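The values are calculated or read from the model by the stated rules, or taken from the named source; none is laboratory data. Worth saying up front: this structure is predicted, and the values here are computed from it rather than measured. Positions of Cβ are backbone-derived with ideal geometry, glycine not excepted, and every protein chain shown enters the neighbour counts. Ligands, DNA and RNA are excluded from the accessible area calculation, which covers all protein heavy atoms including side chains. Shrake-Rupley method; radii C 1.70, N 1.55, O 1.52, S 1.80 Å.
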Amino acid sequence: MAAKAPLEEEDTKPQTLLLTGILSNTYRACINTAAPSTAQNPHVTEDFRLPWLTGMELLSDTNQNKHFLPTGLQGIDALLGGGLREGQMTEIVGPSSSGKTQVCLSSATYVVDKKFGAVLYLDTSNSFSPNRISRFVNQTHPSLPKEEKERRLQMIMSNIYCQSVFDIFSLLDLLHHVESTLKHTVKLGGSKLCLLIIDSVSSLIAPIIGGKNSQGWCMMASVGVLLKKIAYEHNISVLVTNHMVGGENGTLKPALGESWKCIPHVRLLLSCCIGANHSTATVLKHTLLASGRTANFVIHN
Amino acid sequence: MEISNLPISPSLRSKLLAKGYTNLSSLSPLSPSILAQELSIQCEEAIEILRAIPHATTSKNAYTPHGIIPGAVTAWDMLSEEQMQRHISTGCNDLDTILGGGIHCKEVTEVGGVPGIGKTQLGIQLAVNVQIPVEYGGLGGKAVYIVDTEGSFMAERAYQIAEGCISDILDIFPSNSREFLSCKERLRANNFLDGIFYFRICSYTEQIAVINYLENFLTQNKDVKLVIIDSVTFHFRQDFDDLAQRTRVLGGLSLRLMKLSKTFNLAVVLLNQVTTKFTDGSFQLTLALGDSWSHSCTNRIILHWNGNERCAYIEKSPSLPSASAPYLVTGKGIRGINSNFKRARTMPS
């Protein structure tokens, strides 16, 4: 695993990737405006096509830019081969009060604490608790002097940005906004945005899918595509949570159905046994590692 | 960043504060015309206020989140805001302690339990307690009480609870102190009942309509600090055939309530019934409306019998550990076990 120097990230970013971003836009504009004329003039598409990347280039891009962001929860980090990968979308599913929000809050804290960059937290169920974050921060170094503690707390908490979102349209708006600002200014209050959390994405999508209207599925797909695009182009790790619904014969299954299932790169199931003081995480889907493995982790009070 | 540091004339500032604008993020999404209407001032003055904002934020605070999303707040700002917040006391000290001070504003709290455990009692108690004047450590707000066809809200009972609450306040604060004289008028049970807005709904369509209308209502009544729905379940348990549609409607409903609680800085309390669920070869009691609904509240409190004792248990919360506390339903309302005749309420600093 490549060790990371996150704040210099921008300068070392390979030129090809920057080009990719610019070119893909021009390319799209070209498709939109000049599509009818391409038949007469094949050079248009030839000139504006995306540059090829060879496997070796991709690999070096991956090694240089797509780091694992540790969640700070040892069980989960081991299970995911280091943590939440930049450029990928990780989904946490689990029944109510299984610890999904706690994993989100804890990873936000840990990632900022380890100076990987800033975190943007989109909250749909008013469950973003600054109080909880301050407790996470203070329990990691309980022995520090008071002033030092306060400074650290302010440093960490000033790099976690929270925004409430209550419907799918404002989510799409926000994501478009994030995408366009990232293209122009990549730094957020001095540090780069490295983790985007949506807790929970399912509560926004669930009210609009199903029934007779097919637009809902469309918007769900757009959210997925947009999130993955932001993740890939700007080397951001995206973390979303999803709830569980009752399936056939009383078992629980992740909500949002089969068409959402293929959108996240990694899917992690949380479950919490009553009486035990730890929770269990199971990999349901992973791009690199075998699925079906489980690990226990503890979230401290 | 507070309104009080904004470089505008003192009269405009006091108008802003009087209308309940305390921080800049609440102002930034407004257009000049709406702001002018809201404060009943000239449009030019509203523009002046809005112009003052970005200037002040860029110069004062290097961490402003402008860049990424307009209106996003850092956790640090939220923390200091949260520490200023007051909570609605439940009347029972132990329960307040495990809830971190009481029911929180800006959150949706679901309370469920078997019939007769005291859900409605707790609801009425909260509707009364939210009105305790600020001088006595309360919020000095008002309450909206939405009742289903069962109509379990009893005005007489609310009157009793209000009287109980007033007598407890008078026990704690000596009656000759200056605070008491200044708001003696407000400490009447009648006034407490005046501060409860009551809606009765007779079908789920009405329930959805009322919740949609609440946004207008709350814009006009900014001092409402608590919305109680008693119970959220009843109509949705009776009249629905298509369960998938029910899930969708409920999902939309919960998002709207979340939005109300955040934008108007108020607490939403949903009372829910219980149902039996077959898991692991036995029937167990859980709250009604299914697994998807269980995700749609911020906190969840289960009221249950523990032998002969009533207990409240925090099943779900993003910030509080699971804990349990006993409580009593007395003639005066909800009270703690230990302070059975006199509530030792501590003044929040």
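Here are the numbers for the structure shown:
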read-out: Filter result for B:T276 (surrounded by fewer than 17 Cβ atoms within 10 Å (Cβ to Cβ) and closer than 28 Å to A:R135 by Cβ); value: no
read-out: Residue list for the range A:189-229, filter: within 12 Å of chain B (Cβ to nearest Cβ), assigned to a helix (DSSP H, G or I) and open to solvent by less than 10 Å² (accessible area, probe 1.4 Å); value: A:V201, A:S202, A:L204, A:I205, A:G216
read-out: Scope the range A:225-251; condition without any contact (Cβ under 8 Å) to a residue 60 or more places away in the chain and not charged (D, E, K, R); matching residues; value: A:V225, A:L226, A:I230, A:H234, A:V245, A:G246, A:G247, A:N249, A:G250, A:T251
read-out: Subset of the range A:157-175 that is outside any helix (DSSP H, G or I) and polar (S, T, N, Q) - its residue that is nearest to A:G117 (Cα to Cα); value: A:N159
read-out: Residue in the range A:165-176 that is surrounded by fewer than 23 Cβ atoms within 10 Å (Cβ to Cβ), at the interface with chain B (Cβ under 8 Å from one of its Cβ atoms) and among the hydroxyl-bearing types (S, T, Y) present; value: no
read-out: Every residue from the range B:259-302 that is more than 18 Å from the chain's Cα centre (by Cα), part of a loop (DSSP other than H, G, I, E, B) and more than 7 Å from chain A (Cβ to nearest Cβ); value: B:Q273, B:D280, B:G281, B:A288, B:L289
read-out: Boolean, A:S127 is outside any helix (DSSP H, G or I) and more than 10 Å from chain B (Cβ to nearest Cβ); value: no
read-out: Residue satisfying all of: in the range B:305-321; open to solvent by 60 Å² or more (accessible area, probe 1.4 Å) and in a strand (DSSP E or B); farthest from the other protein chains (Cβ to nearest Cβ) among these; value: B:E309
read-out: A:K100 vs. criteria on the phi < 0 side of the Ramachandran plot and either open to solvent by 30 Å² or more (accessible area, probe 1.4 Å) or in contact with a Lys or Arg (Cβ under 7 Å, 6 or more places away or on another chain) (or both); value: no
read-out: Enumeration of residues in the range A:133-164 that are under 27 Å from B:S292 (Cβ atoms) and open to solvent by 10 Å² or more (accessible area, probe 1.4 Å); value: A:Q163, A:S164
read-out: Single residue of B:T233, B:T219 found to be out of contact with any helix residue (DSSP H, G or I) (no Cβ under 8 Å at 6 or more places or on another chain), exposed (fewer than 14 other Cβ atoms within 10 Å of the Cβ) and farther than 19 Å from A:V165 by Cβ; value: B:T219
